[in-house]
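To start, the structure itself, in structure tokens.
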Amino acid sequence: MTGTINFKASPVFSRIWKAVNSKKINEHGRLEHVYNLIVEEGSSRSTKTWSDFQVVFLYLYENPLTSATVLRDTQKSCRDIVEKDWKKWLKDPMVRLDEFERGKITAQELDKYLKEENLTQYFIENKTNHTWTFKHNGNAITFTGLDDENNAMGLTQTICWINEPYNFSREVFQQLAMRSKVIIFDWNPKQNHWIEKEKIKETTFVDHSTFKDNPFITAESRTKLLAKQPIKYSEVVVSGWISEPDAKVYDFENNPRLFTPKQLRELQRCIKNEKEGSADEYEWLVYGLGLKAENPKKIYKNWKPITLAEYNAIDEREYFGLDYGWAKPTALVGIKYDGDRTFYVRPALYKPMNNMGETPLGEYLKAAGFPNGPVTYGWADSSDKEAGSDLSLTNDIRENYDLNLVATNKPTYKERWEFLTKIRVFYVDDSYFENEYENYALEYINDTPTGKPVKKDDHYMNAFEYGGMGIKEYLSIIL
């Protein structure tokens, strides 16, 4: 295939492209990649995703016998979000639609450019397998998810791009690393994550970007992000040239501190943001600056990770909490109480029942450490009817597997939070558990709390709440 390939790129692409192509001679005299892991972190609209499309496209176009896999936690999200955006980029790699909307080119020119520059012409698309194969060299790009874990984990590829990997465990990452030359890992760092341990390695390249790295950002997107900036994060306050209280009442007309016009405009905008109520410190740090910050709406705080060995060394009875899930994960936690306001939590099972095959849930619970007989208690979700049946899963497990499991009294959210926010919690380090803990937040509608959590990935949290409240009642704990 002949012709020139053109696309518009940001500084983010340049940095990632250089990192992907950095190679060295190893001790065996062979050429290998300098970086096995490339971590891209930063704000929204910083061109991370767009740049990764360009890197994957160009690398596979230029290098024979290479391949790429694009992964998210589910196939659906990978294909509905990432592959959809991939198609948009292929069809308009020179951002002609934006030029048209800005009045820089005519409708006729837009139509001409889109036909000439469309990069889908280089591929054979398999819509069933969501695979894109280059016509000239047979290199392929596959879009998939971890819900098809056997398929995802069995793939071998040159580049594995993990997009927004909030639910990826470190164990899964390590398996993928063994089957990939380079892993690209892009996210907005909103929480604690095991990737922090990987970032400090010499074979990891870390790139931080913000929306200011994006020369193609729309005026609307830029305005929305800038509307989140509080006064305390204006340049003149951050640099220590003026205090936040003094900045709020600054004399712009006389400008006694001789701030530059750019600094004055920024400060005026930040003051306007706070007056209009759009300023939000958390959203500015995470989505504007691409920094890790704790969500102020987070329900539980100050929990500490421990090792499994430390948990096992605690000489107390282990209780259990269980949250049922068919399409979503069934979650089981072990809980120990030290008699002095402290719970120790062991994430033990996190798997949808429709992914358990022919193995009954009771067998999974036993394998996860739930002992037989009346030696402990477990409290399970009271919504335990099997889909399309009146069968109680809890009763079935008690009768057929001799596990001392009872239905929770289903305490209200208010009751759970009033008790458990007073408890010290240590948990065995687990990526799924930590993801839920970090993102378990109060739901607000029009700035008014609903008294409920945001319903997203709260399976371990619910299991812990059922078990924790069960222990409270059983041991008559009063705080």
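Within the range 457-479, restricting attention to residues that are over 20 Å from Lys414 (Cβ atoms) and not hydroxyl-bearing (Ser, Thr, Tyr), which residue is surrounded by the fewest Cβ atoms within 10 Å (Cβ to Cβ)?
Checked the range 457-479; the qualifying residue surrounded by the fewest Cβ atoms within 10 Å (Cβ to Cβ) is Leu475.
If I filter the range 93-116 down to residues being of a type in the set (Lys, Arg) and closer than 22 Å to Asn214 by Cβ, which single residue comes out as modelled with the lowest pLDDT?
Selected residue: Arg102.
Specify the residue that is nearest to the chain's Cα centre (by Cα); the eligible residues are those in the range 181-207 that are farther than 14 Å from Lys292 by Cα and without any contact (Cβ under 8 Å) to a residue 40 or more places away in the chain.
Among residues in the range 181-207 that are farther than 14 Å from Lys292 by Cα and without any contact (Cβ under 8 Å) to a residue 40 or more places away in the chain, the one nearest to the chain's Cα centre (by Cα) is Lys197.
Table: residues versus (1) assigned to a loop (DSSP other than H, G, I, E, B); (2) modelled with pLDDT under 95; (3) within 17 Å of Phe320 (Cα to Cα); (4) of a type in the set (S, T, N, Q).
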residue	(1), (2), (3), (4)
Thr376	no, no, yes, yes
Ala387	yes, yes, no, no
Leu405	no, no, yes, no
Trp417	no, no, no, no
Phe426	no, no, yes, no
Phe433	no, yes, yes, no
Glu436	no, yes, no, no
Lys455	yes, yes, no, no
Tyr466	no, no, yes, no
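Which one of these is at pLDDT 95 or above, of a type in the set (A, V, I, L, M, F, W, C), closer than 19 Å to Ala9 by Cα and in contact with a Lys or Arg (Cβ under 9 Å, 6 or more places away or on another chain): Leu90, Leu119?
Answer to the selection: Leu119.
Across the range 65-78, which residue is surrounded by the most Cβ atoms within 10 Å (Cβ to Cβ) among those that are at pLDDT below 95 and farther than 13 Å from Phe168 by Cβ?
This residue is Gln75.
Quick one: Lys297 ticks every box in (1) surrounded by fewer than 13 Cβ atoms within 10 Å (Cβ to Cβ); (2) within 30 Å of Ala348 (Cβ to Cβ) bar one, so which box is it?
(1)
Within the range 359-370, is there a residue that is loosely packed, with under 15 Cβ neighbours inside 10 Å, outside any loop (DSSP other than H, G, I, E, B) and not hydrophobic (A, V, I, L, M, F, W, C)?
yes
Return the pairs, sorted by first residue and then second, in which the second residue is among the β-branched types (Val, Ile, Thr) and in a strand (DSSP E or B), the first residue lies in the range 327-349 and is touching a residue at least 12 places away in the same chain (Cβ under 8 Å) and farther than 16 Å from Glu434 by Cα, the beta carbons are less than 9 Å apart, and the residues are 6+ apart or on different chains.
Lys336/Thr342; Lys336/Val345; Thr342/Val425
Does Tyr364 satisfy the criteria of being touching a residue at least 12 places away in the same chain (Cβ under 8 Å) and not assigned by TED's automatic domain parsing to the domain that holds Trp379?
no
Restricting to the range 213-236, count the residues that are in contact (Cβ under 8 Å) with a residue 12 or more places away in the chain, surrounded by fewer than 18 Cβ atoms within 10 Å (Cβ to Cβ) and over 18 Å from Ala279 (Cβ atoms).
Result for the range 213-236: 3.
Assuming Phe252 fulfils every condition listed in (1) surrounded by fewer than 15 Cβ atoms within 10 Å (Cβ to Cβ); (2) within 30 Å of Phe173 (Cα to Cα); (3) of a type in the set (Phe, Trp, Tyr) apart from one, which condition is it?
If we test Phe252 against (1) surrounded by fewer than 15 Cβ atoms within 10 Å (Cβ to Cβ); (2) within 30 Å of Phe173 (Cα to Cα); (3) of a type in the set (Phe, Trp, Tyr), just (2) comes out false.
One line per residue, one yes/no per condition, for (1) free of Cβ contacts under 8 Å to residues at least 40 places away in the same chain; (2) over 14 Å from Phe53 (Cα atoms):
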{"position": "Gln75", "(1), (2)": "no, yes"}
{"position": "Cys78", "(1), (2)": "no, no"}
{"position": "Gly103", "(1), (2)": "yes, yes"}
{"position": "Gln108", "(1), (2)": "yes, yes"}
{"position": "Glu117", "(1), (2)": "no, yes"}
{"position": "Thr120", "(1), (2)": "yes, no"}
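Need a quick list: strands (runs of 3 or more DSSP E) entirely within the range 1-52 having at least 1 residues that are touching a helix residue (DSSP H, G or I) at 6+ places or on another chain (Cβ under 7 Å) and not aliphatic (A, V, I, L, M).
Of the strands (runs of 3 or more DSSP E) lying wholly inside the range 1-52, those with at least 1 residues that are touching a helix residue (DSSP H, G or I) at 6+ places or on another chain (Cβ under 7 Å) and not aliphatic (A, V, I, L, M) span 37-42.
I'd like the full set of residues that are farther than 17 Å from Lys328 by Cβ, assigned to a loop (DSSP other than H, G, I, E, B) and not acidic (Asp, Glu), limited to the range 438-453.
The one that is farther than 17 Å from Lys328 by Cβ, assigned to a loop (DSSP other than H, G, I, E, B) and not acidic (Asp, Glu): Asn446.
Leu114 - would you say it is buried (at least 17 other Cβ atoms within 10 Å of the Cβ) and closer than 20 Å to Ile5 by Cβ?
Here the answer is no, as Leu114 does not meet what is asked.
Answer yes if at least one residue in the range 429-443 is over 21 Å from Lys472 (Cα atoms), without any contact (Cβ under 8 Å) to a residue 60 or more places away in the chain and among the polar types (S, T, N, Q), and no otherwise.
Scanning the range 429-443, I find no residue that is over 21 Å from Lys472 (Cα atoms), without any contact (Cβ under 8 Å) to a residue 60 or more places away in the chain and among the polar types (S, T, N, Q), so the answer is no.
The values are calculated or read from the model by the stated rules, or taken from the named source; none is laboratory data. These numbers come from a predicted model, not from an experiment. Positions of Cβ are backbone-derived with ideal geometry, glycine not excepted, and every protein chain shown enters the neighbour counts.
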